[in-house]
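Remarks on the structure that follows.
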Amino acid sequence: MRLSKLAFVVGAAVALVVSAASASATANDPCKVLTAGKFSEIMGYTATIDKTASTQMSCFYQGPDHSGGQFMILTESASGPQADAMLKRRGATPPPGSGLIGGSYRQESIIFSVSIRSTDQAKLQALVAEIKHNLK
């Protein structure tokens with residue numbers, strides 16, 4: 001009987017640690033960090049959040065005629081060589097000719113990526129600035 005009680009206590013402790021880790025991994029909700037309203041304002045058209053495609057770590061924006069973009073938090077705890085590797089990893093920018101611009105960026109220990117269907121670097125940089133401003 002004691003062994004089962006110990007197993008229960010250990011299991012509960014593990015569940016608590018996993019729950020706390022999950023909560024800390026999602027300190028920033030991407031769709032709240034960059035709202036559809038702010039995305040729309042910067043891009044110059046009305047966009048909505050694609051709730052089907054968006055997840056706890058990513059937000060997808062839909063605009064008219066296949067316009068839009070995505071914002072994804074890759075990690076909230078990057079440091080040292082891990083952070084450098086994530087920023088330099090292959091695929092950090094959309095492929096040439098895809099009609100997308102974007103990249104991976106860092107705000108303290110948070111690494112995120114942004115891509116938009118556009119050729120306007122100023123709009124991309126405005127989105128990145130807004131995201132950096134709103135990250136905790």
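Would it be correct to say that Ala78 is among the hydrophobic types (A, V, I, L, M, F, W, C), more than 19 Å from Lys32 (Cα to Cα) and surrounded by 16 or more Cβ atoms within 10 Å (Cβ to Cβ)? It would help to see each step written out before you state the result.
Values: among the hydrophobic types (A, V, I, L, M, F, W, C): yes; more than 19 Å from Lys32 (Cα to Cα): yes; surrounded by 16 or more Cβ atoms within 10 Å (Cβ to Cβ): yes.
Yes.
State all residues of region 35-76 that are within 9 Å of the chain's Cα centre (by Cα) and within 14 Å of Ser115 (Cβ to Cβ); if no residue qualifies, say none.
Those that are within 9 Å of the chain's Cα centre (by Cα) and within 14 Å of Ser115 (Cβ to Cβ): Ser58, Cys59, Gln70, Phe71, Met72, Ile73, Leu74.
Just name the residue that is modelled with the lowest pLDDT out of those in region 27-86 that are polar (S, T, N, Q) and in a helix (DSSP H, G or I).
First, the residues of region 27-86 that are polar (S, T, N, Q): 28, 35, 40, 46, 48, 52, 54-56, 58, 62, 67, 70, 75, 77, 79, 82.
Of the ones still in play, those that are also in a helix (DSSP H, G or I) are 40, 82.
Details: Ser40: 98, Gln82: 79.
Taking the candidates together, the pick is Gln82.
Within region 97-134, take every residue that is buried (at least 18 other Cβ atoms within 10 Å of the Cβ) and not in a strand (DSSP E or B) and give me the one that is farthest from the chain's Cα centre (by Cα).
That would be Ser118.
The values are calculated or read from the model by the stated rules, or taken from the named source; none is laboratory data. Keep in mind that this is a model prediction, so the values were computed, not measured. Here the Cβ is made from the backbone with ideal geometry for all residues, glycine too, and neighbour counts use every protein chain on show.
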